[in-house]
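This report concerns only the one structure given below.
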Amino acid sequence: LKTSIEEGLSQIERAIMTDIETHGDRIAIFEALKHLIVAGNVLLNVEEEGIRVFPLSRYVIKRDPSGTVLEVITKESIAPNVLPEVIQQQVKDQLQGDEKTCDLFTHVCRRKDKFEIYQEVKGLEVPKSRGSYPIEKSPFIPLRFNRIDGEDYGRGYVEEYYGDLRSLEGLVMAIVQGSAAAAKVLFLVAPNGTTRARKLGESPNGAIIEGSATDVTTLQVNKFADFNIAYQTMGRIEARLQHAFLMNASIQRDAERVTAQEIKFMAQDLEKAIGGIYSILSQEFQLPFITRKMAMMEKNKKLPRLPKTGVRPSIITGLEALGRGNDKSKLIEFLTTLTDTLGAETITKYINVSDAISRLATSEGIDPKGLIKSEEELSQEMEQQQMDMQQQQLQDASVQAGTKIAGNIPPTSIGGALEQLQQQQG
C-alpha cells in the first residue's frame, strides 16, 4: 500500500514538474533569486500564464511584527489601450503631454482568512478587477533573503559583504589603471646628448644612425612592489568572497589527490553557515509556490483533487535531506549491507523484490507503470512456465515409453509388417 501511495504521489510530482518546465518558470525564479541576493526582496506573481517578477522598485509591502504579510501594492506601466473600454477614454483624457503609458496599481490586502485584490489607474478602479484568494493560494508571493524582526523588508546577502566588494572593486580599478600606465612605452632622449630625438623617431627598424646609447632611456613606472601588495590584498578578498558565495574554488584543496568525502565535508560546513536561507525560502517561497501551482492545476483538471486532510505538500531542504534521492541511498545501502552480511539468498527469501524495485524507480523519478512487471504478470509467467515444464515432462515420458515398446517388438515382426505394407502399396 505504501508503495502504491508513493507511486501516485510521484506521478503528481512529475506532472507539476512538467508544468513548471512548460511555462518556463525556472527563468523567472532564477531572476528572482538574483534580486534576493542583491536587494534582499522581490515579489512573484504566479498566474496561469507564468510568473512575473516585481523588483523592489515596483512594490511596497506591510508586515506585522511576526512577519505576516498584511498589505502589498504593486506598480506597473501599461498602455491605456489594454484597459477595459469603460475607462479607456477617461484615462486617456488624464494623460499629459507626451505620456503614452499610465501607472496601474494593484492593491492586495489581508482580510481575516483571505487576500482581497483590486486594481486602479489614475484614481479610477478597474472594472471586474476585484477578487479574493485563500491565504495559502495567493498569486502574490513576497520573498526576502533574511528575516529581520519588526521590519517590513529583508536584507540582501550582498549587504553583509558590501565592504569587501567595494574594496575589491577599488583594488581592481587601481591595478587596471596602473597596468595601463605601465604598458605605455616612452623613450627619453638627453637634451645635451649627441643623439637626435627626431632621427630616432623617424628611423625604421634596423636602421643605423649616429648617437649614443647612454643618451636614450625608457620610462619605467617602478611600482612593482606597490602593485604586488595590491594584488595580494585583492587575492585575499577574493578568497573570502568565494567562500561566502559558495564557489567550488573556496572548498577544494590545492592538491593532486582530493577525496570526494573531503569535498562533501567542506560543503556541509558551508551549508551550515547559511542554513537559515534554506529554512526561510522553503516556507516563504517553495511551499506557497507549489501550493499555488497545485491549486491552478486542480482547477484546470490537470491534477486530481487531493483530500484536504492527510495529504499536503512538504518541502525538505539541505544536503542531509534531498527527498527521494536520500531514500534511494538508504535503500541501496540497506540492501548492500544485507547481501554482504547474510548472503544473496537472503534477499530473495526475506525481501519483497518487486516492491524494492518499485521504490528504486520512484526514487529516480521514473514511472514504474509498464516498466516493472506486476504481481499478476509474474503469476501468469510462473503458471506458464509450470505448464511448459509439465508438457515437456509428458513429451519426454511419451518418447521413453515409445522407445521401450519398440525395443520389445521382435525384428521378424517388424520385417513382416514392412513387406505387407509394400504389397498393399504395390
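The numbers here are math on the coordinates, done by the rules we state, and not lab data. Not measured: the values here are computed from a predicted model. In this analysis, Cβ positions are derived from the backbone assuming ideal geometry, glycine residues included, and neighbour counts consider all displayed protein chains.
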Decide, for the range 62-140, between rounded, prolate and oblate: order the square roots of the alpha carbon gyration tensor eigenvalues as a ≥ b ≥ c, take rounded if a/c falls under 1.5, and otherwise choose prolate if a/b is larger than b/c, else oblate.
-> prolate
State, as an integer percentage, the relative contact order of the range 101-226 based on alpha-carbon contacts under 8 Å between residues 6 or more apart.
-> 13 percent
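Count charges around Y162 for me, please; just the other residues with Cβ under 15 Å from its Cβ, Lys/Arg as +1, Asp/Glu as -1. Working shown, then result.
Working: positive: R155, R166, R240; negative: E159, E160, D164, E169.
Net charge around Y162: -1.
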